[in-house]
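Taken together, the values in this text are just the output of simple stated rules run on the coordinates, not laboratory data. Keep in mind the model is a prediction, meaning the values are calculated, not measured. Every residue, glycine among them, receives a Cβ derived from its backbone with ideal geometry; neighbour counts consider all protein chains shown.
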Amino acid sequence: MQGDAVNTNQQQDQIKHWFNKTYERRAFQYLRPVEAYEIYLKLLQVQKEHHILDIACGPGQLLKAAQKEGLTLSGIDIAEVAVNYAKEVLPEADLKVANAEQLPFENNQFDYLTCLGSLERFIHLKVALKEMLRVAKPHAHFCFLVRNSERASWKIVKEKLGFINKAGHQGAKSLNEWSEVFTETGFKINRIHHDQWPKTRWLRWLSLNSTLWQVDYQKIQKRQTALEHAYEFIFILSKA
Ligand SMILES: C[S@@+](CC[C@H](N)C(=O)[O-])C[C@H]1O[C@@H](n2cnc3c(N)ncnc32)[C@H](O)[C@@H]1O
């Protein structure tokens, strides 16, 4: 039992170390530009002055977008290098270095909770999800961006060719597996969307005109093609 705890601590230190090094080397370039985060706030239909907690906030890209919407900002991340960057760009935000599995907040605090591209990095996913439910207000809404394990690029490049980044605890699950984890932990799934970023990233790269690569909110809502083929899923949830 003690051995398991030591192994878990070592693994957690390794993940933290990998992210600290990545942020030291690549800083904001490691992530999407701030504009790409607006979609998550739109999908949550955020209202001014409500309180958002971004879990695994990195250097604060989502919170920067949330600042424009007039929200009260809180964020945590395990990597202190990321949190220090976030503190520089968002001096008014409440930002802490913390593990998502043990959130440093009282019960029933937040109106919105976001966790983007990070749930698959957590060692004890369900513990972290229960923590999110604990600190969320009864009518809170959640937005999670998670990777699809059924996508060909994941299956071939990552699983078959072995390019999974183990030090950063990279992972993925199928649509059904993610849905099960969320419902078993106490969430109600309200909507699931495709993430549009892979497509819009190319449009942005090909275009000098930034208006062409804006994430199309209408399209994301109407999209009819099978969700199973999404690169990542956006789950919008509430407490069950
Ligand atoms: C791919 S980055 C995404 C960052 C940010 N959510 C975004 O989309 O811009 C994953 C983040 O998860 C953080 N992370 C990994 N494990 C964590 C944990 N147990 N608790 C809190 N943060 C964690 C990393 O430090 C990193 O900043």
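What to note about this one:
- Most positive-pole-ward Cα, I55, G117, G162, against dipole of the chain from beta carbon charges: G162
- Positive-end extreme of charge dipole, the range 99-207 - chosen from N99, F144, W202 (charges on Cβ): W202
- Cross-link partners of K48 among aspartates and glutamates, defined as those whose alpha carbon lies under 20 angstrom from its own and excluding same-chain residues fewer than eight positions apart: E35, E38, E69, E92, D94, D111.
- Nearest-20 debye value, the chain charge dipole, Cβ charges on Lys, Arg, Asp, Glu: 720
- Candidates T114, T183, T72: whichever shows maximal mean-square fluctuation once the chain is modelled as a Gaussian network with Cα springs under 10 Å: T183
- Taking each of K42/K160; K42/K199; K96/K239; K87/K199 in turn, the alpha-carbon distance tops 28 angstrom for K42/K160; K87/K199.
- Cα-based Rg and Dmax for the chain, where Dmax is the largest Cα-Cα distance (Å): 17.3, 57
- Net dipole in debye of the range 141-203 [+1 Lys, Arg Cβ; -1 Asp, Glu Cβ; about Cα centre; nearest 20]: 280
- With the simple model of a label 7 Å out from the Cα in the direction of the Cβ, N107 to I164 spans 3.7 nm.
- The order of W202, W18, going from fewest to most other C-beta atoms within 10 Å of their C-beta, is W202, W18.
- Over the range 8-49, the alpha carbon radius of gyration divided by the compact-protein estimate 2.2 N^0.38 Å works out to 1.70.
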